[in-house]
Amino acid sequence: MKHCMECGNTLHRTTVDGKERLRCAACGWVHWEDPKLAVAVIVSRDSRVLLGRRGQGERQGLWSFPAGFVDRGEKIEDAAVREVREETGLEVLLGPLFMLRSETGEPVVLAVYSATPGEKAPVPSRELSELRWFDPGNLPPMAFEHDAVVLAAWSERRRGDR
Ligand SMILES: [Zn+2]
């Protein structure tokens, strides 16, 4: 971002509230860099989880669960249901929030839900080459480091529930 959203003048790097940010010298507008909210969904059936294999782009061939960014103004639970529908064709019954993950210096905050699908077979979206059910104790190569962490916590919780 180079220009002020209010008046169009040039933005300058300066310290505002103890952190370097872009500010407009003409009107004082500050570009606040907000966190970005993403949602991920653990869809499970018979204690196996549904993972999709990325068919294109970065991390192609690696696996992950249905996930994506929440639109501004979109209810987060709706975003979770939407992402599962878009990536797998399944309508799911969403459980409560399972985990909220954030890291220092990381702009993305991840909200993880668990969900149960109906009887339908999942159908991969165009971005995915494959969808498959996995035992969380025997995972394929995962796309993101936090995927395995989230699934380990999920398995741990399920063992505790029994
Ligand atoms: Zn300005």
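Of the listed requirements (1) among the hydroxyl-bearing types (Ser, Thr, Tyr); (2) open to solvent by 30 Å² or more (accessible area, probe 1.4 Å); (3) in contact with a strand residue (DSSP E or B) (Cβ under 9 Å, 6 or more places away or on another chain), Ser64 misses just one: (2).
Residue-wise test of (1) more than 15 Å from Leu51 (Cα to Cα); (2) at pLDDT below 90; (3) over 14 Å from the mean Cα position of the chain (by Cα); (4) open to solvent by 80 Å² or more (accessible area, probe 1.4 Å).
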site: Thr104; (1), (2), (3), (4): yes, no, yes, yes
site: Thr116; (1), (2), (3), (4): no, no, yes, no
site: Glu119; (1), (2), (3), (4): yes, yes, yes, yes
site: Val123; (1), (2), (3), (4): no, no, yes, yes
site: Ser129; (1), (2), (3), (4): no, no, yes, no
site: Trp133; (1), (2), (3), (4): no, no, yes, no
site: Pro140; (1), (2), (3), (4): no, no, yes, no
site: Val150; (1), (2), (3), (4): no, no, no, no
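Pairs linking a residue in the stretch 13-36 that is assigned to a loop (DSSP other than H, G, I, E, B) to a residue that is within 13 Å of the ligand (Cβ to nearest atom), with Cβ atoms under 6 Å and 6 or more positions apart or on different chains, are Ala25/His12; Ala26/Cys7; Ala26/Asn9; Cys27/Glu6; Cys27/Cys7; Trp29/Cys4; Trp29/Glu6.
Here's the yes/no breakdown for (1) within 30 Å of Val92 (Cα to Cα); (2) within 16 Å of the ligand (Cβ to nearest atom); (3) among the β-branched types (Val, Ile, Thr):
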| site | (1), (2), (3) |
| --- | --- |
| Thr14 | no, yes, yes |
| Arg21 | no, yes, no |
| Cys24 | no, yes, no |
| Trp32 | no, yes, no |
| Gly52 | yes, no, no |
| Gln56 | yes, no, no |
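So, Thr10, is that one open to solvent by less than 90 Å² (accessible area, probe 1.4 Å) and without any contact (Cβ under 8 Å) to a residue 12 or more places away in the chain or not? Taking the combined requirement at face value, the residue does not satisfy it. Scanning the stretch 19-35 for any residue that is among the β-branched types (Val, Ile, Thr) and either closer than 30 Å to Phe134 by Cα or exposed (fewer than 13 other Cβ atoms within 10 Å of the Cβ) (or both) turns up nothing. The listed residues are Met5, Met1, Met99, and the only one of them that is open to solvent by 20 Å² or more (accessible area, probe 1.4 Å) and in a strand (DSSP E or B) turns out to be Met99. Scanning the stretch 119-158 for residues that are under 16 Å from Ala80 (Cβ atoms) and assigned to a loop (DSSP other than H, G, I, E, B) yields Pro122, Ser125.
The values are calculated or read from the model by the stated rules, or taken from the named source; none is laboratory data. Not measured: the values here are computed from a predicted model. Ideal geometry is used to build each Cβ from the backbone, glycine not excepted, and the neighbour counts take in all protein chains shown. The protein model used for the area step is the full one, side chains on, heavy atoms only, and it has no ligands, DNA or RNA in it. Shrake-Rupley method; radii C 1.70, N 1.55, O 1.52, S 1.80 Å.
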